[in-house]
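The values are calculated or read from the model by the stated rules, or taken from the named source; none is laboratory data. All values derive from a computational prediction rather than experimental measurement. For neighbour counting, all protein chains shown are included, and Cβ atoms are generated from backbone atoms with ideal geometry for every residue, glycine included. Side chains included, ligands, DNA and RNA excluded: accessible areas come from the protein's heavy atoms. Shrake-Rupley method; radii C 1.70, N 1.55, O 1.52, S 1.80 Å.
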Amino acid sequence: QVQFVESGGGLVQNGGSLRLSCAASRNIFSFHTMAWYRQAPGMQHELVASISTFESINYVDSVKGRFTISRDNAKNTVYLQMNHLRPEDTAVYHCNTYPFPNPAWGQGTQVTVSS
């Protein structure tokens, strides 16, 4: 059974920081590149960052230098440290596999950045 459980979101002011966590099923986490995606209201999921099993990392240009993705293989958990947050970062953040997301998305965690 595939499961993603995201946490750590909240309401912060422009320039603030949050750390997101996502616990994933071991059968998924151990063998896949993991990624954080975000979905703003009325929009499709957007890839934010990805990290392979060998910790090769990529970021979308809009978050480079502000966000840091990491993974803890012992805990089957992927993290997203978000600094210097902007109002345009407001979205529901999900983790999933990359490049082919599993259809069983988790609930996600809401990030709201006030201006």
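Of all residues in the stretch 1-29, those satisfying the criterion of being small (Gly, Ala, Ser) and open to solvent by less than 50 Å² (accessible area, probe 1.4 Å) are Gly8, Gly9, Gly10, Gly15, Gly16, Ser21, Ala23, Ala24, Ser25. Listed conditions (1) open to solvent by 20 Å² or more (accessible area, probe 1.4 Å); (2) touching a strand residue (DSSP E or B) at 6+ places or on another chain (Cβ under 6 Å) are all met by Ala35, apart from (1). Against the definition (in a strand (DSSP E or B), modelled with pLDDT of 95 or more, under 30 Å from Ser115 (Cβ atoms) and over 11 Å from the mean Cα position of the chain (by Cα)), how does Val12 come out, yes or no? For Val12, the condition - in a strand (DSSP E or B), modelled with pLDDT of 95 or more, under 30 Å from Ser115 (Cβ atoms) and over 11 Å from the mean Cα position of the chain (by Cα) - is met.
Does Ser115 satisfy the criteria of being at pLDDT below 95 and touching a Pro at 6+ places or on another chain (Cβ under 6 Å)?
Details: at pLDDT below 95: yes; touching a Pro at 6+ places or on another chain (Cβ under 6 Å): yes.
Taking the combined requirement at face value, the residue satisfies it.
If you go through the stretch 88-113 and keep only what is in contact (Cβ under 8 Å) with a residue 12 or more places away in the chain and over 13 Å from the mean Cα position of the chain (by Cα), you end up with Glu88, Pro99, Asn102, Ala104, Thr112, Val113. With respect to being modelled with pLDDT under 95, open to solvent by less than 20 Å² (accessible area, probe 1.4 Å) and either outside any loop (DSSP other than H, G, I, E, B) or of a type outside the set (A, V, I, L, M) (or both), Ile69 falls outside the description. Within the stretch 63-78, residues that are in contact (Cβ under 8 Å) with a residue 12 or more places away in the chain and at negative phi reach partners that are among the polar types (S, T, N, Q) and surrounded by 20 or more Cβ atoms within 10 Å (Cβ to Cβ) with beta carbons closer than 8 Å, at six or more positions or on different chains, in the pairs Ile69/Ser50.
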